1. So for region 125-279, averaging the separation of alpha carbon pairs under 8 Å that are six or more residues apart and normalising by length, what relative contact order in percent results?
2. Rounded to the nearest 500, what is the chain's calculated 222 nm mean residue ellipticity when only DSSP H runs of at least 4 contribute -39500 (n - 2.57) each, over all residues?
3. Counting pairs of alpha carbon atoms under 8 Å apart in space and at least six apart in sequence, what relative contact order in percent does region 157-248 give?
4. Starting from region 152-231, pick out the GluC sites (Glu not before Pro) whose DSSP state is loop and whose Cβ has at most 11 other Cβ atoms within 10 Å.
5. At a Cα cut-off below 23 Å, give the lysines reachable from residue 274, other chains included and same-chain residues fewer than 8 away excluded.
6. Longest span of the chain, sites excluded, free of chymotrypsin sites (Phe, Trp or Tyr not before Pro) in DSSP loop with at most 14 other C-beta atoms within 10 Å?
7. GNM, the chain, Cα, under 10 Å: largest mean-square fluctuation among 242, 29, 175?
8. If we restrict to alpha carbons, what Rg and Dmax does region 153-242 come to, in Å?
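The values are calculated or read from the model by the stated rules, or taken from the named source; none is laboratory data. Just so it is clear, the model here is predicted, and its values are computed rather than measured. Note: ideal-geometry Cβ built from the backbone for every residue, glycine included; neighbour counts use all protein chains shown. To get the accessible areas, we keep the full protein, side chains included, count just its heavy atoms, and leave off ligands, DNA and RNA. Shrake-Rupley method; radii C 1.70, N 1.55, O 1.52, S 1.80 Å.
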Amino acid sequence: MKKNRLIVVLFFYVIAAHCQQYKVDTSYTIKTTYEKLIKKYPFITIPEIKSNADVQEKFDLVYHQEKERILHFDAFINTKKKKNPAVIMIHGGGWRSGNKGQMQFLGKEIAAKGYSCFAIEYRLSLEAKYPTGIVDVKNAIKFIKDNAVKLNVDPNKIAVLGCSSGGQMAALIGTTNNNPLFEDPLFKSKSSSNVNAIIDVDGVLAFKHPESSEGDMAAFWLGGKSDEIPENWKNASALTHTDKNTPPTLYICSSIPRFHAGRDDMIKILDENKIYNEVHTISDSPHSFWFYEPWFGQTISYTVRFLDKIFK
């Protein structure tokens, strides 16, 4: 009997090890960030999100499998209507840490306002370098459009929202509609990965810019420093791709200037092409402000007002 139990335990251990052959950086969490920020901002609290009868929650839905690697998303779906605008949500963590669970609070609250929200798992830099994470999220968008009826989604009303490095990714995804550089030709779908609105929460718009600072985490994700692989630094910047086809854009910003690098230049292009955009800078706020009250409520308010204007 003991021998049989040992065989079963070893079997599941081997399966688990086989399915996760990549390192996971767990340094960026809501709790650890709170412990750092509470010293300077003693008034902050982690939001208390009440359940909402109109919001259906689904976790770890599979959108893609590549060999043994399975990619998931979490869904927060307003069920009052069969066709909602969708919000694709991308977590932060310096392209290296974080996880889709960190978008639950935002997803639940935005969904309660009449949206279908999807927090996406994508491959981080310890597992795969740029542009893999971008391609992953674009594949997720295709999957969600393909399954629009099941997920209460209007496939013609898709916003992409990201926080920190996720904000950088959201802006890049939104400015590269129809760009084959970031598409997966092997992903079978009848839909495009195009989006109709961008929400960038404190994510840089240009990696090489007078306002930016060259960081090790960006270099690790991009596959080298800017003088080693300049094309990646250029092509990974949303500012590079901003033009007359860029969708309406919302910027929600902390009070730390380096996280806004390239924003004003991007806005200039949007204004020249009469593309709607908004900027909201939350005074005296740290990076990662969206996790905590009183800034969480402001983030929701700015986001929903923008989404309502664009889609409703």
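1. Normalised by residue count, the contact order of region 125-279 is 26 percent.
2. My calculation for the chain gives -10000 deg cm²/dmol from helical runs alone.
3. 37
4. 228
5. 157, 244, 309, 312
6. Within the chain, the longest run free of exposed chymotrypsin sites (Phe, Trp or Tyr not before Pro) spans 44-275.
7. 29
8. 14.0, 43
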